[in-house]
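Notes follow the structure.
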Amino acid sequence: MKQILIPTDFSDNAWNAIKYGLEMFKKTRCTFYLMHVNTIPHYSGAGMAVGAAGENINTIILKDSKEKLRRLLDRIKKEIPLNTGHTFVPLALFDIFVDAIKRQSENKRIDLIIMGTKGATGLKKATIGSNTGDVITRVKCPLLVIPEDAEYAALKEIAFPTDYQIGYDMNVLDTLIEMLTMNKTKLSILHISKNVKELSEEQHNNKNFLHDYLVDVDHSFHSVTGQSLETAIQHFVESRDIDMIAMVAKNLNFFQRILFRPEVEKISYHTEVPFLVLHE
């Protein structure tokens, strides 16, 4: 039984993430925790009277959240085919967003978090909204990030960009292997470098480790030289019709260049291709 956490702010992007997740795990028994977090307000000044009033306000806000979650469950029943292997648990909370994600991930033993790239207040030009960015960088749980234009289709090929500069934790690779096996998907490991040069001994060792550890899944190695990181991934995604991009968050510099950009510009993989973020 998979335990999957899906935060929602009831935006279109959040609904798209729910649809994608339910479809991808349609053959898997899952408990989906649909969570809405109301941010704790920062009161200023002396507080008992404000606190007392705040309690009533909080009760009203939580009641509203629970009603919205109830309507969300109704929408799932209406628009998504019934799946007897899926159980839904609504969660309405008052908390700091990323702290709530951390707590629920630990308390519920969450296997995977699924969320949209941006919420209701996301800036049009921002690639990744602040809440999603916080979860990516601060919560050590596998995360599937669903862009606003992503539509689920059977996963045929997952890209795994790397510079071979870091060793890979077996738990990280096990999560990736599970995703590949569940979807009968092949993995394309993509090495991107600015200049043509031999891999260092450490890079060779990391590449060989990947090859050996992935022996039971369909995988292949690819290399692109002389292009910017974003352009190389864009061309690779387009030329091979890549369905998902998997990355290890440990290699922060490489990782941030792929995922965090101030503007979308012409990089369409940011708005169309889901990202699987893996943590040690």
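Considering only Cα-Cα distances, which of the following residue pairs are longer than 31 Å: K77/K156; K63/K108; K184/K250; K66/K184; K19/K184; K2/K66?
K66/K184
Given the peptides 225-232, 272-279, arrange them by the average over their residues of other C-beta atoms within 10 Å, most packed first.
272-279, 225-232
Would you give the gap between the C-alpha center of region 63-122 and the C-alpha center of region 154-190, rounded to a whole Å?
So the separation of the two Cα centres works out to 26 Å.
Kindly put I101, I189 in sequence by how many other C-beta atoms sit within 10 Å of each C-beta, fewest to most.
Listing I101, I189 from fewest to most nearby Cβ atoms yields I189, I101.
Check which residues have an amide H placed less than 5 Å from Y33's amide H, if you skip close sequence neighbours.
When sequence neighbours closer than 5 places are left aside, the close amide H contacts are I4, L5, I6, V89.
How large is ³J(HN,Hα) for each residue in region 274-280, as worked out from phi by the Karplus curve 6.51 cos²θ - 1.76 cosθ + 1.60 (θ = phi - 60°), to whole Hz, x for Gly and Pro?
x, 10, 9, 9, 10, 10, 7
Please arrange K156, K184 by counting, for each residue, the other beta carbons lying within 10 Å of its beta carbon, fewest first.
K184, K156
Using θ = phi - 60° and the Karplus form 6.51 cos²θ - 1.76 cosθ + 1.60, what ³J(HN,Hα) does each residue of region 151-157 get, whole Hz, x for Gly and Pro?
Per-residue couplings from phi come out as 10, 5, 9, 3, 6, 9, 8 Hz.
Computed from the coordinates by the stated procedures, all read-outs in this text should not be read as laboratory data. Not measured: the values here are computed from a predicted model. Counting neighbours? That spans all protein chains shown, and the Cβs are built from the backbone with ideal geometry, glycine included.
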